[in-house]
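Remarks on the structure that follows.
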Amino acid sequence: MPDFLPPRSTPHLLQYALSPVGAHGSVAALGRHVLGRVLYGSADMAHPAARQALQASDVHVPLAGTPHPAATHGALWQECWYSRTPVQAVRHGHVRARHNQHVLWGCFSLPLHAQTPCTADVQQHYLHLFELLHQTGFAHLWRVWNFVSHINAADAQGLETYRAFNQGRSLAFAQFFDRGEQAMPWARRQMPAATAVGCAGNGVHVYFLAGRQPARHIENPRQQPAYHYPAAYGPLPPSFARASTATLPGQPMLFVSGTASIIGHSSVHIGDLAGQCRTAVENLHIVAARAGRSLQQLQHLKVYVRHARDVPAACAILQPLLGVEPERITCFVADICRQNLLVEIEAMQL
Ligand code: 3EB
């Protein structure tokens, strides 16, 4: 069985592990300094092991990971962000966070209602996120993960949920930028790396990393910056960079955003899984190279596949293209934010 935990001797301030539930009991029992815990799974949460994992987590993302041989509970995965040094909890509104003086991990969840578009709620929660960052001095958002239920479905106003989400997120970025003494001048020019994919249930689940120093914002020259996508993709554009790099003492890090088969602003290889995998890996390679990294230096990769039936094929195609050990890649079945995208890949070096 692979060891899913970073070695205790790791000197890094920020550590990460993604492991199937059941591989080694509750992560809370290991006596490490925990910045944040994410539970992934849409399995039966009434199962005792699932309930225990749920209790030990800060945010539950109802998204099925593909079963791992070491998992005793099917598709439940737990993600843990550790600190080498003690952590302190902070909160603001619905946003809960912990930090170790160098890096802050936070999260929030909000319910989605069939009768009400999510725009205002998303905007308000993102504003709370920015206010928390401002209050705590972790003024720079480095990386955000967004999980949005019914992401490709039309909301009560007929707008695709992802587009309504983008509207709320974009308004919050703009609003905070304009707020007098609370202004974050970076918020328009310097976006965080991000992922936004679908999930089950009825809600939006977000977790993020922020720091005291700005991240470096990286774009892909053959992709239009997402925050400049034309109005054909929604009233307000997404708010993210293709990648960000940030540095903690002794620890350079790279966060590559969810990367798909998009050239310019257009989805390409529509209906062609292999073509989309190839283009996504090319984009990942370009972005990693712009950050001075090879694909082989990417330690943690997540692959989101729209259709469960495509998982074996996607893994078989991506494995040789990425050229990293299979243990570094975790696959999830999730809707991608554009109806015509079948696969998306994100990656990190910590
Ligand atoms: C794209 O390139 C594909 O809205 O935060 C990738 C990563 C995508 C992040 C987001 C969306 C987001 O537009 C989708």
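The values are calculated or read from the model by the stated rules, or taken from the named source; none is laboratory data. Predicted model only: the values in this text are computed from it and were never measured. Glycine also receives a Cβ, built like all others from the backbone with ideal geometry; neighbour counts cover every protein chain displayed.
Observations on the structure shown:
- Hey, residue 83 among the hydroxyl-bearing types (Ser, Thr, Tyr) and modelled with pLDDT of 95 or more or not: yes
- Applying a threshold of 6 Å to beta carbon distances and a minimum spacing of six or more residues, or different chains, the list of pairs starting in segment 308-323 at a residue that is within 12 Å of residue 66 (Cα to Cα) and ending at one that is in a helix (DSSP H, G or I) reads 310/273.
- Residue under evaluation residue 345, criteria (1) free of Cβ contacts under 8 Å to residues at least 24 places away in the same chain; (2) buried (at least 17 other Cβ atoms within 10 Å of the Cβ), criterion not met: (1)
- Test for residue 311: is it within 13 Å of the ligand (Cβ to nearest atom) and in a helix (DSSP H, G or I): no
- When segment 74-92 is limited to residues that are crowded, with 16+ Cβ neighbours inside 10 Å and touching a Lys or Arg at 6+ places or on another chain (Cβ under 6 Å), the one that is nearest to residue 350 (Cα to Cα) turns out to be 82.
Table: residues versus (1) away from the ligand (no atom under 16 Å from the Cβ); (2) among the small types (Gly, Ala, Ser); (3) farther than 19 Å from residue 37 by Cα; (4) touching a Pro at 6+ places or on another chain (Cβ under 9 Å).
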{"position": "86", "(1), (2), (3), (4)": "yes, no, no, no"}
{"position": "89", "(1), (2), (3), (4)": "yes, yes, no, no"}
{"position": "95", "(1), (2), (3), (4)": "yes, no, no, no"}
{"position": "100", "(1), (2), (3), (4)": "yes, no, no, yes"}
{"position": "109", "(1), (2), (3), (4)": "yes, yes, no, no"}
{"position": "113", "(1), (2), (3), (4)": "yes, no, yes, no"}
{"position": "128", "(1), (2), (3), (4)": "yes, no, yes, no"}
{"position": "145", "(1), (2), (3), (4)": "no, no, no, no"}
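- Residue 296 being more than 16 Å from the ligand (Cβ to nearest atom), under 16 Å from residue 328 (Cα atoms) and in contact (Cβ under 8 Å) with a residue 24 or more places away in the chain: yes
- Extreme residue, farthest from the ligand (Cβ to nearest atom), among residues of segment 329-350 that are among the hydrophobic types (A, V, I, L, M, F, W, C) and under 16 Å from residue 283 (Cα atoms): 348
- Failed item in (1) within 15 Å of the ligand (Cβ to nearest atom); (2) within 20 Å of the chain's Cα centre (by Cα), with residue 246 passing the rest: (1)
- Conditions (1) more than 11 Å from the ligand (Cβ to nearest atom); (2) under 30 Å from residue 175 (Cβ atoms); (3) touching a residue at least 60 places away in the same chain (Cβ under 8 Å); number of the one not met by residue 284: (2)
- Matching residues, segment 154-168, being surrounded by fewer than 24 Cβ atoms within 10 Å (Cβ to Cβ), within 16 Å of the ligand (Cβ to nearest atom) and aliphatic (A, V, I, L, M): 159
- Odd one out for residue 318 among (1) more than 22 Å from residue 13 (Cβ to Cβ); (2) assigned to a loop (DSSP other than H, G, I, E, B): (2)
- Of all residues in segment 42-80 being at pLDDT 80 or above and in contact with a helix residue (DSSP H, G or I) (Cβ under 7 Å, 6 or more places away or on another chain), the one that is farthest from residue 312 (Cα to Cα): 56
- Test set (1) surrounded by 16 or more Cβ atoms within 10 Å (Cβ to Cβ); (2) in contact (Cβ under 8 Å) with a residue 24 or more places away in the chain; (3) within 14 Å of the ligand (Cβ to nearest atom) - residue 279 fails condition number: (2)
- Top-ranked residue in segment 216-243 [being near the ligand (Cβ under 9 Å from one of its atoms) and hydroxyl-bearing (Ser, Thr, Tyr); ranked as surrounded by the most Cβ atoms within 10 Å (Cβ to Cβ)]: 239
- Any hit, segment 272-280, residues being in contact with a Gly (Cβ under 8 Å, 6 or more places away or on another chain) and at pLDDT 95 or above: no
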